[in-house]
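Please treat every number below as a calculation from the coordinates, not as lab data. Keep in mind the model is a prediction, meaning the values are calculated, not measured. Methodologically, a virtual Cβ is constructed for each residue, glycine included, from the backbone with ideal geometry; neighbour enumeration extends over all protein chains shown.
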Amino acid sequence: MNGKRKSQRKTPWVNGPKPRQREILDRAFAHIKSVPYKVSLRWVFYRLLQEGLYKTKEDYKNLWAFICGKARHAHYKEWRPDTLVDETREIVKRTYGMESVEEAIESIPDSIRALKNIYLDHFYQQECYVEIWFEARAMNEQFKHYTREIDLVPMAGQPSISLKSEIAKELEHKSNKYGLPMTVLYFGDEDLAGHEIYNGVLEDVSEWCDADFNPVWCGLTEAQAKKYGVPESYEKKGYQWEALGDEAAGEIITESVNRHVSKDVRDAVERQSDEAGDKLYDILEKTADEVESLLEE
């Protein structure tokens with residue numbers, strides 16, 4: 001087909017949002033700006049639901065998804081297509097490199113200087129290897145923000161057989177690598193579906209993994225939900241992780257990790273990495289300067 005494809009988008013937002021919609025969008029954007037990581041459409045909806053701007057969970061599809069989509073398509077105020085993170089999909093990037101051999105060669109000195117970063121693995125000095133599994137893939141950025149130097153395994157709901165097989169193989173690899181007891185910290189919804197996902201993945205991974213590991217359900221629990229004022233999901237008869245506010249989620253994640261991972265050990269290894277990198281930098285800088293001079297000849 002020659003030329004651009006004609007847009008198939010539905011009726012444009014000619015007159016913009018109505019007063020009530022403007023109120024909701026402005027409040028929603030305030031919630032988005034209140035956290036240092038990208039959040040999902042559903043996460044924002046739960047903030048609005050808890051504040052009473054929406055009344056029932058049915059409003060998610062019937063009202064919220066519609067006006068939020070319109071706002072992002074129309075670039076309403078600060079809203080943009082990439083304002084929210086996608087809950088289930090990701091782009092697989094497979095193109096890289098440079099335009100020409102000359103450009104690639106010219107980049108070599110900078111690449112040499114970048115080698116100064118030394119990364120030491122703190123788990124070699126911990127008493128236990130720990131990794132985190134969580135149900136809501138859309139909260140990937142949240143778990144990245146509140147954890148450091150620890151592997152994350154998002155389930156995206158009920159995980160596939162191939163993913164569970166990969167998880168089992170990775171645990172065997174970590175067992176051989178560290179020779180330590182292993183603990184899996186799990187975060188998911190406190191409802192029937194959430195526990196079915198948890199039990200299902202544990203059953204298969206335990207069967208397929210030759211290494212022993214200790215699973216720990218860290219949240220969400222009914223006690224945590226009541227403590228932080230999470231609204232009950234009458235549809236699913238329980239509580240959902242994404243309904244947690246950022247501060248509450250951060251506390252649960254951080255407290256859970258600190259019970260199993262020594263912060264002092266991790267910080268000491270990080271300082272050791274930085275000190276070694278600083279010593280290496282002077283050597284690499286001289287090497288990069290020499291390479292740069294040779295390339296200019």
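With a Förster radius of 51 Å, plug the Cβ-Cβ distance of residue 158 and residue 22 into 1/(1 + (r/R0)^6) and report the FRET value to the nearest 0.05. Display every interim value, and only then the final one.
On the way: r = 38 Å, r/R0 = 0.75.
The value I calculate is 0.85.
For the cross-link pairs 174/237; 144/164; 144/169, which exceed 27 Å when the distance is taken from alpha carbon to alpha carbon? Before the final figure, lay out each step's value.
Working: 174/237 37 Å; 144/164 21 Å; 144/169 23 Å.
Violating the 27 Å limit, Cα to Cα: 174/237.
Counting each DSSP H run of 4 or more residues in the chain as -39500 (n - 2.57), what helix-only mean residue ellipticity at 222 nm follows after dividing by all residues, to the nearest 500 deg cm²/dmol? Show your work: numbers first, answer last.
Numbers: 11 runs with 145 residues, N = 297.
Dividing the helical sum by the residues of the chain leaves -15500 deg cm²/dmol.
Full-extension gain between residue 125 and residue 259, please, as 0.36 nm times their residue separation minus the C-alpha to C-alpha distance. Before the final figure, lay out the partial values.
Values: separation 134, 0.36 × 134 = 48.24 nm, distance 1.59 nm.
My answer for the length gained is 46.7 nm.
You can think of it this way: the chain between residue 111 and residue 74 has 9.2 nm of extra reach, that is 0.36 nm per residue less the Cα-Cα gap. Label separation (residue 270 vs residue 51): 3.2 nm, computed from points 7 Å beyond Cα along the C-beta direction.
Length available on full extension from residue 192 to residue 166: 0.36 nm per residue minus the Cα-Cα distance, which gives 6.8 nm. All C-alpha pair distances within the chain, sorted into 5 Å bins from zero, spread as 1, 4, 9, 11, 12, 12, 12, 11, 10, 8, 6, 3, 1, 0, 0 percent across the bins. Put a plus charge on the Cβ of each Lys and Arg, a minus charge on the Cβ of each Asp and Glu, and nothing anywhere else: the dipole of the chain about its Cα centre is then about 2420 debye.
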